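Heads up: the structure comes next, in structure tokens.
The values are calculated or read from the model by the stated rules, or taken from the named source; none is laboratory data. Note that the structure is predicted; figures quoted are calculated from it, not measured. Heads up, the Cβs are rebuilt from the backbone with ideal geometry, glycines too, and the neighbour counts pull from every protein chain shown.
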Amino acid sequence: MTSKRILLIVGGGIAAYKSLDLVRRLRERGMSVRVVLTGAGAQFVTPLSLASLSGQEVHQELFSLTAEARMGHIELSRDADLVMIAPATADLLAKAAHGHANDLASTLLLATDKRVLAAPSMNLRMWLHPATQRNVATLRGDGMLFVGPGDGAMACGEFGPGRMSEPLEIVAAVEAALAGDTTIPLPLAQPPVLAGLRVIVTSGPTHEPIDPVRYIANRSSGKQGHAIAQAAADAGASVVLVSGPVSVPDPSGVKTIHVETARQMLEAVEAALPADIFIGAAAVADWRVGAALAEKLKKGASGPPTLGLVENPDILATVASHGRRPRLVVGFAAETEKVIDHAQAKLARKKCDLIVANDVSPATGVMGGDANTVHLVSTSGVETWPTLPKAEVARRLVAQLAALMGEGGA
């Protein structure tokens, strides 16, 4: 990471004090940091503090004659390897989502040709407000990366989501982002690689009912599957996303079908066929209760009940052997041991074209997290990628599939 250049935008919030430590941590790792301090941010930290820690002038005004003479805001926005917003306030996210450019920070976000990593910080009601969630969904769709927010006590006395991530967490997200290509090409410079193609993606867990209030499930968040659907849509494909129960927003420009169970997911997938590409990113429950109870199961003197489990339909294998089989069928293998071995066995057993394998052991933080380390397993061999944000994994996977389609598909 030595010599990497960071442009840090400090928004107005009490968490701005963490940005001082963030600058120090980034510089410890050999990165240079230029700081843009918003007017609201200057109410919490001083330009002198940030200049002392960064070793560089702090930029504040859009129409600064001296700054424009030496480094105009366009050059400032593009002289970095990564742009960061920390803290990313609701106001800054709203401006970025709607393309405003009425101060230095928002103008830089609109003019930059580099990826932006945001560390949100705000009151929990502001974070959970539908307007903020819409803005975040739009920004994710535009390629903005996010770290946090976390849960915890806030300066306002409330407790919940909205706390800015700690500096070391943000540094890890910065390093993960810099591991990929952070340059954003002009839309006209790169034609949509999946234009005219139809893609089906499954995402999230399935919930298999035991009784009206209990179910069998897993810890899948749907973040990776939803990111893939968004990346495919951004690449010009017509995308159908079949999603199990998740809390992440629906991707923009994607037809999303919400289901609960594995059988409902299979039914929705088959109804969406034909397609050119199928990507089975969902963590489908392998089993369900053979006869779910119509009433809530009660504790009794006889002890714990015996649940008769039956196998759920195998969606990946069904699509791979379907009469309307897509040209490319991609499965996921979430493993906790012998990741490559299990993925290679799954590739042969399911008769698909590619398996995206990852280690989901609790220590990895993949389940529910924002980063992923994947291995692409095919009959040609194994390709291992570094740990990347899930949005970057999605973009790389879509590019890989587009290349395969250009070579004639399966």
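Considering the stretch 19-54, the residues that are in a helix (DSSP H, G or I) and among the basic types (Lys, Arg) include one that is surrounded by the most Cβ atoms within 10 Å (Cβ to Cβ), namely Arg25.
Quick one: in the stretch 143-168, which of the residues that are under 26 Å from Asp113 (Cβ atoms) and either of a type in the set (Val, Ile, Thr) or surrounded by fewer than 17 Cβ atoms within 10 Å (Cβ to Cβ) (or both) is modelled with the lowest pLDDT? Applying the filter and picking the extreme gives Gly143. Could you tell me whether Ser220 is assigned by TED's automatic domain parsing to the domain that holds Ala371, at pLDDT below 95 and in contact with a helix residue (DSSP H, G or I) (Cβ under 9 Å, 6 or more places away or on another chain)? So Ser220 fails the test. The set of residues in the stretch 253-300 being among the small types (Gly, Ala, Ser), modelled with pLDDT of 90 or more and either surrounded by fewer than 16 Cβ atoms within 10 Å (Cβ to Cβ) or not in a helix (DSSP H, G or I) (or both) consists of Gly253, Ala271, Ala275, Gly280, Ala281, Ala282, Ala283, Ala285, Gly290.
You will find that of Ala348, Ala357, Ala333, Ala363, the residue that is more than 22 Å from Ala275 (Cβ to Cβ), in contact with a strand residue (DSSP E or B) (Cβ under 9 Å, 6 or more places away or on another chain) and among the aliphatic types (A, V, I, L, M) is Ala357 and no other. When Ala402, Ala357, Ala391 are checked against the criterion of being buried (at least 23 other Cβ atoms within 10 Å of the Cβ) and not in a strand (DSSP E or B), Ala391 stands alone in meeting it.
Residues that are in a loop (DSSP other than H, G, I, E, B), crowded, with 21+ Cβ neighbours inside 10 Å and at pLDDT below 90 within the stretch 55-97 comprise just one, Ala80. Taking first residues from the stretch 100-111 that are hydroxyl-bearing (Ser, Thr, Tyr) and partners that are in a helix (DSSP H, G or I), the Cβ contacts under 7 Å between residues at least 6 apart in sequence or on separate chains come to Ser106/Lys95; Ser106/Ala96; Thr107/His73. Take the residues of the stretch 112-133 that are under 15 Å from Ala173 (Cβ atoms) and in a loop (DSSP other than H, G, I, E, B): which is modelled with the lowest pLDDT? Checking each candidate, the answer is Arg115. Only one entry of His322, His342 meets the criterion of being within 27 Å of the chain's Cα centre (by Cα) and either under 18 Å from His375 (Cβ atoms) or part of a loop (DSSP other than H, G, I, E, B) (or both), and that entry is His342. Each residue in the stretch 205-241 was checked for being in a strand (DSSP E or B) and more than 24 Å from Asp142 (Cβ to Cβ), and 5 pass. Scan the stretch 331-344 and give yes if some residue there is touching a residue at least 40 places away in the same chain (Cβ under 8 Å), out of contact with any Gly (no Cβ under 8 Å at 6 or more places or on another chain), of a type outside the set (Val, Ile, Thr) and closer than 19 Å to Gly222 by Cα, otherwise no. Yes, the stretch 331-344 has at least one match.
When Arg198, Arg115, Arg140 are checked against the criterion of being within 30 Å of Leu241 (Cα to Cα), buried (at least 16 other Cβ atoms within 10 Å of the Cβ) and outside the structural domain of Ile85 (by TED's automatic domain parsing), Arg198 stands alone in meeting it. Inside the stretch 1-22, can you point out the residues that are under 22 Å from Leu62 (Cα atoms) and not charged (D, E, K, R)? Ile6, Leu7, Leu8, Ile9, Val10, Gly11, Gly12, Gly13, Ala16, Ser19, listed by residue number.
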